[in-house]
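Below is a structure I'd like to ask you about.
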Amino acid sequence: MSVYGVHTTHPLTHLPMEIENLMSAEGVRWMVRHAVDHFLRFAPVGHLILWVAALGLWMESGCCDAVIHYATQTRQRRRALLHAAIVVALYVGVIGAATLCTGGILRSADGTLRHSAFMDGWPMLAATIVGLAGMTYGLSSGSYRTDRDLVGGMLHYAHPLTGYLLTAFVAAQWVACLHQSQLDIYLAAQWGLYRLCPDLLHHLPRIFAYLLLIFPFCFTNLKKKP
């Protein structure tokens, strides 16, 4: 697009902005020099690993089936569900207080939610909810008896992770090139996305990464049996 002189105005700074050509000699050198760094700094990979462990605990413990078929569960399993619900409620209450209360430690330095620890860390916080529910249910129902059982639960969906790490490497390069070329900002400006949320430009690469990586993993592997 840069060959044809495509340019736009930055939606926030209102300064002229041009698309950077990554097929130039300098662009190719940039891609080769930073390929590994892009993968190591690709946040969705860490989030994916957390969600794989959390969903493994949730599914392997039987908590998911117990929630779906609650009416047919034994008294012990219903009690285990109650224990899991209490633990999750306490966790959500603590996170909610640290986020919503004035001066909460998960708010940003200026006391708002913009660029706060909660907004940056919500994937980890959400995965912890699922993992805590599965772990509590498993320990209470007897599905998990030892630490080895817990590790086995976390590794429940680890087998297909190798292929997704390879996919993540490609996705990391794609997202990095999208951001380096400023094509993400160009698309946001053309589509008017920044008007919906001023912080969207900051989170746009992460949104693309999740669409490419995490959600397909969850949907394809939750339907598979180990």
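Every number in this text was worked out from the coordinates using simple rules, so none of it is lab data. Bear in mind that the values here come from a model prediction, so they are computed numbers and not experimental data. Backbone-built Cβ (ideal geometry, glycine too); neighbour counts: all protein chains shown.
What is the calculated FRET efficiency for His69 to Arg145, with r their C-beta to C-beta distance and R₀ = 25 Å, to the nearest 0.05?
0.65
A further question on this structure: Using DSSP to call loops (not H, G, I, E or B), can you name the trypsin sites (Lys or Arg not before Pro) in the stretch 112-191 whose Cβ has at most 16 other Cβ atoms within 10 angstrom?
Answer by residue number: Arg114, Arg145.
Still on this structure, please answer the following. Give me a comma-separated list of calculated 3J(HN,Hα) values for the stretch 33-45, in order, Karplus coefficients 6.51, -1.76, 1.60 applied at θ = phi - 60°, integers in Hz, x for any Gly or Pro.
5, 10, 4, 5, 4, 4, 5, 5, 9, 7, 4, x, 5
How high is the FRET efficiency between Val94 and Asp120 when r is their beta carbon distance and R₀ equals 22 Å, given to the nearest 0.05?
Result of the calculation: an efficiency of 0.75.
What does the C-alpha gyration tensor say about the overall shape of the stretch 65-166? Classify as rounded when a/c is under 1.5, otherwise prolate if a/b is larger than b/c, or oblate.
oblate
Between Thr162 and Leu40, what is the label-point separation in nm under the 7 Å Cα-to-beta-carbon projection?
The two pseudo-label positions are separated by 2.4 nm.
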